[in-house]
Amino acid sequence: MPVLSASEAHLLRTTVPAHPSRAAGVRAILAEHLTQLGLSPDHLDNAVLAADELFVNAVKHGSPDPGGTITVTVEYTERELRVTVADRSPALPRLRTADGAEESGRGLAIVAALSDDWGIAPAGPGSAGKKVWFALMLRGMP
């Protein structure tokens, strides 16, 4: 099981091997953490499903090295939940429309449908790759 670091109740970061077998563990970690934060069932389900889509995309498209890792970060404030998935590939994901016969190609469309916002950011300084993130608004804007 991956090692978690949470410096505060509103931040969780975990780094796991970039392997499909780790998806269930990532979903479980996120669900447990978000449950402890008291998210509504709808927000929790949407966040776990969208994070799973980003993780699977990172494994499939963003892990050029066999020993690569993926970092999942959850940031929680009173108003917003933001989940970021970072991988080491510089290749940027693209939103596309998969036809009915295709078995894949819907991941970012699912993330876009479940979240209030999403995007792509460069990796941190001195790091290769990118970050793909989504946000859920938890309270109405004033």
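Quick note: the coordinates plus some simple rules give every number you see, no bench work behind them. In this text the structure is predicted, and so the values were computed from the model without any measurement. All Cβ positions, even for glycine, are placed from backbone atoms using ideal geometry, and neighbour counts span all protein chains on display.
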- Item | Residue-by-residue Karplus 3J(HN,Hα) for the range 41-52, coefficients 6.51, -1.76, 1.60, Hz, glycine and proline x | x, 5, 4, 4, 4, 5, 5, 5, 5, 5, 5, 4
- Message: Let me test this: with uniform point scatterers at the alpha carbons of the range 19-90, what is the Debye-based log₁₀ I(q)/I(0) at q = 0.16, 0.26 1/Å?
- Response: -0.55, -1.18
- Query: Want the number for D45 to I120: 0.36 nm per residue separation, take away the alpha-carbon distance, what's left?
  - Reply: 24.8 nm
- First measure r as the distance between the Cβ atoms of M137 and D65, then evaluate 1/(1 + (r/R0)^6) with R0 = 41 Å and state the FRET efficiency to the nearest 0.05. 0.70
- Query: What length, rounded to one decimal in nm, is gained on full extension from A24 through to A128, with 0.36 nm per residue of separation minus their alpha-carbon distance?
  - Reply: 34.9 nm
